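Report on the structure given below.
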There are 2 protein chains.
Amino acid sequence: MADTPTLRERARRAARAEIAATAIRLFAENGFEATTVDQIVAAVGISRRSFFHYFGSKEDLVLGDVDALGESVRAALESRPEEESAWEAMRAALLVLRQVGGDPAEQLTLAGLHHEAPSLRARHLEKHLRWRALLAPEVQRRLGLPASPEPDPRAEAFVAAALACVDVAVDAWYRSGGKDDPERLFDEAVAALRG
Amino acid sequence: MADTPTLRERARRAARAEIAATAIRLFAENGFEATTVDQIVAAVGISRRSFFHYFGSKEDLVLGDVDALGESVRAALESRPEEESAWEAMRAALLVLRQVGGDPAEQLTLAGLHHEAPSLRARHLEKHLRWRALLAPEVQRRLGLPASPEPDPRAEAFVAAALACVDVAVDAWYRSGGKDDPERLFDEAVAALRG
DNA sequence: GCAAATCTTGCACCGAGTGCAAACATCTGC
DNA sequence: GCAGATGTTTGCACTCGGTGCAAGATTTGC
């Protein structure tokens, strides 16, 4: 299942992690927009060009591995029991998002960065678009809609709405300073739009 | 109500419209990303610097006046009869989006550009974030939620879901080559996520 | 130890966007 | 008609994120 990563691969992961950690510290201190890539590479001690070998964009430092995480959610969704409704299964699958990411304090920092920087919000929303495409087929199946080559807009709307609920829940959680319960906020959001 | 715009203001609007029209033609011919601002200003016959006096970004050429349109939707929502449910009122309010924008052919072109260019999609989603904040208070009231200084996440989720339904409907409409009925697609999307 | 694959780096370049200041046009009161 | 305030256009220099390329250092497999 999990084949051993080569030494190079491990080094690469470690380097990525260290760069991201340093960058996030700088972002927290000086703000996302105000921190330039040049400052980051200077702090880490690598060349500007190498940085862009590790991360495709400045925003990627904060966003994490979009595809891997999306794939985790998809796998979790797929492995939910068949009897569950689409909403139940989606709720359970989205819980894997809570396992990843460090301690609550860092999560709060990341949420604050999203709040502050428009370009970060924009990329975050693009990330959701990819997840939408990734999760839509399974939702489509669970909604009892016929399989189709093009994604069914109903399934896409479903996924988009669920992800929007996650977003508003996380945002409200951030605004509460980490005091509110994200799961409760999510459930309330879902309930509100289901009428 | 509508105070007469000054001559300067009229000239400004005309210039904006002409620049946007030229740009969209170029985008349709060569693609959004492949068309540079320099090409646009050369085609229009103004300086690069003046362009950025009219439009804050290249994406703004396609996105239109976000705030004005959002305000139209908000006003429409506010003027819906009190007896309507939140979903009914929102659906009716969103119909103002169909009045604006030129003929279907141009709408189709714009939808295609959104489909093609990631940066355009990103800005489009940011636009929705602003609309979300703008429309949330009225939805909050209509959902029977208590007024609050911070926006209620339930109202935000509601608006976000509604806008997501618009997006998937427009996208499916685009993929059908303009054949499908956007209103039907929207209604089906809403029905799917309400279970 | 050798050869191939991989990593890092520098360099030159592109495209979007901004701050500034000078030139130009336009509208006002007198 | 003139002077001055106000707005517009433009060029210039600059910042910042991001990319293509090629050469040199390093690691890996054998």
message: I need the full set of residues from the range B:1-31 which are surrounded by 14 or more Cβ atoms within 10 Å (Cβ to Cβ) and over 20 Å from residue B:107 (Cα atoms), in order please.
response: B:12, B:15
- request: Give the range B:40-73 a look and list any residue that's under 16 Å from residue B:17 (Cα atoms) and of a type in the set (D, E, K, R), or say none.
  value: B:58, B:59, B:60, B:65
- prompt: Restricting the search to the range B:36-79, which residues are under 22 Å from the mean Cα position of the chain (by Cα) and small (Gly, Ala, Ser)?
  reply: B:56, B:57, B:64, B:68, B:70, B:72, B:75, B:76, B:79
message: I'd like to know if the range B:68-79 contains one or more residues that are within 14 Å of chain A (Cβ to nearest Cβ), within 21 Å of residue B:183 (Cα to Cα) and among the hydrophobic types (A, V, I, L, M, F, W, C).
response: no
- prompt: If residue A:34 passes every condition in (1) part of a loop (DSSP other than H, G, I, E, B); (2) of a type in the set (A, V, I, L, M); (3) crowded, with 18+ Cβ neighbours inside 10 Å but one, which one does it miss?
  reply: (3)
query: When you scan the range A:13-37, how many residues do you find that are away from DNA strand C (no atom under 11 Å from the Cβ) and without any contact (Cβ under 8 Å) to a residue 24 or more places away in the chain?
result: 11
task: Starting from residues that are more than 23 Å from residue A:158 (Cα to Cα) and facing another protein chain (nearest Cβ under 9 Å), keep the ones in the range B:115-150 and report whichever is nearest to the chain's Cα centre (by Cα).
output: B:119
field: Single condition residue A:34 does not satisfy, out of (1) more than 14 Å from DNA strand D (Cβ to nearest atom); (2) farther than 27 Å from residue A:11 by Cα; (3) not assigned by TED's automatic domain parsing to the domain that holds residue A:169
entry: (1)
- line: Subset of the range A:45-69, residues in a loop (DSSP other than H, G, I, E, B), surrounded by fewer than 17 Cβ atoms within 10 Å (Cβ to Cβ) and more than 8 Å from DNA strand C (Cβ to nearest atom), comes to A:56, A:57, A:64, A:65
- request: Would you check if there is a residue in the range B:93-105 being closer than 28 Å to residue B:176 by Cβ, part of a helix (DSSP H, G or I), touching a residue at least 40 places away in the same chain (Cβ under 8 Å) and within 11 Å of chain A (Cβ to nearest Cβ)?
  value: no
- request: Say whether the condition of being touching an Asp or Glu at 6+ places or on another chain (Cβ under 6 Å) and surrounded by 15 or more Cβ atoms within 10 Å (Cβ to Cβ) is met by at least one residue in the range A:76-98.
  value: yes
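The values are calculated or read from the model by the stated rules, or taken from the named source; none is laboratory data. Quick caveat: nothing in here was measured; it's all calculated off a predicted structure. All Cβ positions, glycine included, derive from the backbone under ideal geometry; neighbour counts span all protein chains shown.
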